[in-house]
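Each remark here refers to the structure printed beneath this line.
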Amino acid sequence: LLLGDKQSSLLYLDKGRALATKGSNRSLIALGLYHKSEYYEQINDFAAAMDCLNRSLAIYKDLDEEKQIATCYYALGLIYHNLANYEKSLDYYFKALKIRESLSDLRGISDTFRAIGNVYLRTAKLEKSNEYFNKSLAIDQTNDDKEGVMVSLLNLGVSYQKNRAFNVAINYYNMALVKAKEMKSKYVEAILLGNIGSTMRDQAKYGESLEYLFRALEIKKDLKKWASAAHTCNDISETYLGMNNPEKSK
């Protein structure tokens, strides 16, 4: 599934679930259903993904496997987020959070704080999004979780950019950029460069905006991240419009 071969992924998932069923291993059956939900989520069949998750969740509840129950709740929260049903998304995220806190699962707590922050970000509740992103960041810094710190800093930048606190946003983006370079995470580096570029445009700093956006575009094209590259082309177009250059924009 991670390599993008979705059909082979489905074949092996079904083979694995058949073996687990034959051996009456209910925990493995639940795990197979969970991974099958990931397959359906990737092909945007959210109804099938939720069906698999709910079946997996029912088994885990029967087995009283709390960590896996929380994982299913988190995954359901993510699906409802993607479906723009933010109330249900938060409901499942907070269910996951309650269990993860009871288990002192710090990585899980941090991930859930970030997910909750993203719902509040999407619904323009920016003070709440900052609150949860900062909670996540604090845990990640304590655990020396470099990737978690990087993502939380990026999210805080987005939140402050939406709140038009541009200098604060750029400060967070630059801190995240240092982490991305340390980790050699080129795609996150490109996202951050693009975000800095769009923030520069928001401040009418068009020349600097283009510099960052073209750097982001080059990396995304090298990585063959075409959808994200298209997004950056749109950002470049908007910058040229701000410069009153409609031909370049077109």
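Seen from all sides and averaged, what is the projected area of the convex hull of the Cα atoms in region 95-153, in nm²? Please list the in-between numbers first.
Working: hull surface 14.7 nm².
About 3.7 nm², averaged over all directions.
Averaged per residue, what accessible surface does the chain expose to a 1.4 Å probe, in Å²? Walk me through the numbers before you get to the answer.
Numbers: 13320 Å² over 250 residues.
Averaged over the residues of the chain, the accessible area is 53 Å².
Percent of accessible area on the chain owned by carbon and sulfur, 1.4 Å probe? It would help to have the intermediate numbers written out before the result.
Details: 6770 of 13320 Å².
Within the chain, the accessible surface is 51 percent carbon and sulfur.
Helix-only estimate, please: 222 nm mean residue ellipticity of the chain, summing -39500 (n - 2.57) across DSSP H runs of length 4 or more and dividing by its residues, to the nearest 500. Intermediate results must be reported in sequence, preceding the final value.
Details: 13 runs with 209 residues, N = 250.
Calculated from helices alone, the mean residue ellipticity at 222 nm is -27500 deg cm²/dmol.
Run down the lysines and flag those whose C-alpha is under 24 Å from the C-alpha of Lys98, throwing out any fewer than 8 positions away in its chain.
Reachable lysines: Lys61, Lys67, Lys88, Lys125, Lys128, Lys135.
Probe 1.4 Å, all protein chains in place: accessible area of Lys95 in Å², nearest 10?
80
Local charge sum around Ala169 (other residues, Cβ-Cβ under 11 Å, Lys/Arg +1, Asp/Glu -1)? Provide the component values of the computation, followed by the final result.
Numbers: positive: Lys162, Arg164; negative: Asp202.
Combined, the nearby Lys, Arg, Asp and Glu give +1.
Could you tell me which of the pairs Lys179/Lys205; Lys181/Lys220; Lys162/Lys186 are separated by over 21 angstrom between their Cα atoms in the structure shown? Can you show the working numbers first?
Numbers: Lys179/Lys205 25 Å; Lys181/Lys220 15 Å; Lys162/Lys186 24 Å.
Flagged as over cut-off: Lys179/Lys205; Lys162/Lys186.
Under 12 Å between alpha carbons, and skipping anything fewer than 8 positions from Lys184 in its own chain: which aspartates and glutamates qualify?
Correct list for Lys184: Glu147.
Please sort 79-86, 197-204 by packing, taking for each peptide the average over its residues of neighbouring beta carbons within 10 angstrom, highest first.
On the way: 79-86: 15.8, 197-204: 19.2.
Top of the packing list down: 197-204, 79-86.
Give a residue-ordered list of calculated ³J(HN,Hα) values for region 83-89 (Karplus: 6.51 cos²θ - 1.76 cosθ + 1.60, θ = phi - 60°; whole Hz; x for Gly, Pro).
In residue order, the calculated couplings are 8, 6, 9, 6, 5, 5, 4 Hz.
Determine, at each q value in 0.08, 0.09, 0.12, 0.17 (inverse angstroms), the log₁₀ of I(q)/I(0) that the Debye formula gives when each Cα of the chain is one equal point scatterer.
Evaluating at q = 0.08, 0.09, 0.12, 0.17 Å⁻¹ gives log10 I(q)/I(0) of -0.38, -0.48, -0.82, -1.31.
Using the beta-carbon distance between Asn82 and Glu211 and R0 = 35 Å, what value does 1/(1 + (r/R0)^6) give for FRET efficiency, to the nearest 0.05?
Details: r = 33 Å, r/R0 = 0.95.
Using R0 = 35 Å, I get an efficiency of 0.55.
Using the C-alpha gyration tensor of region 110-250, what are the square roots of 5 times its eigenvalues, in whole angstrom, with the largest one first?
Working: eigenvalues 143, 59, 30 Å².
Semi-axes from the Cα gyration tensor: 27, 17, 12 Å.
What number comes out for the charge environment of Ala138, summing +1 per Lys or Arg and -1 per Asp or Glu over other residues with Cβ under 13 Å away? Display every interim value, and only then the final one.
Values: positive: Arg114, Lys135; negative: Glu131, Asp140, Asp144, Asp145.
Summing Lys and Arg as +1 and Asp and Glu as -1 gives -2.
Dividing the Cα convex hull volume of region 140-217 by residue count, how many Å³ per residue is that?
Details: hull volume 5.5 nm³, N = 78.
Given the Cα convex hull of region 140-217, per-residue volume reads 70 Å³.
Using the Karplus equation 6.51 cos²θ - 1.76 cosθ + 1.60 (θ = phi - 60°), what ³J(HN,Hα) coupling, rounded to whole Hz, does each residue of region 105-116 give in order, writing x for Gly and Pro?
Each residue's phi maps through the Karplus curve to give 7, 4, 5, x, 4, 4, 4, 6, 4, 5, 5, 4 Hz.
How large is ³J(HN,Hα) for each residue in region 136-144, as worked out from phi by the Karplus curve 6.51 cos²θ - 1.76 cosθ + 1.60 (θ = phi - 60°), to whole Hz, x for Gly and Pro?
Values, residue by residue: 4, 4, 4, 5, 5, 5, 5, 8, 6 Hz.
Run the reach check for Lys225 against aspartates and glutamates, Cα to Cα strictly under 14 Å, same-chain hits fewer than 8 apart removed. What comes back?
Answer for Lys225, where 14 Å is the Cα cut-off: Glu189, listed by chain and number.
What order, most packed first, do the peptides 101-107, 68-74 have when packing is the mean number of other Cβ atoms within 10 Å of each residue?
Values: 101-107: 13.3, 68-74: 22.4.
Descending packing order for the listed peptides: 68-74, 101-107.
What whole-number distance in Å separates the alpha-carbon centres of region 27-66 and region 222-250?
Computed from Cα coordinates, the inter-centre distance equals 39 Å.
The values are calculated or read from the model by the stated rules, or taken from the named source; none is laboratory data. These figures come from a predicted structure and were not determined experimentally. Please note: Cβ atoms are built from the backbone with ideal geometry, for glycine as well, and neighbour counts cover all protein chains shown. We work out accessible area using only protein heavy atoms, side chains counted, and drop any ligands, DNA or RNA first. Shrake-Rupley method; radii C 1.70, N 1.55, O 1.52, S 1.80 Å.
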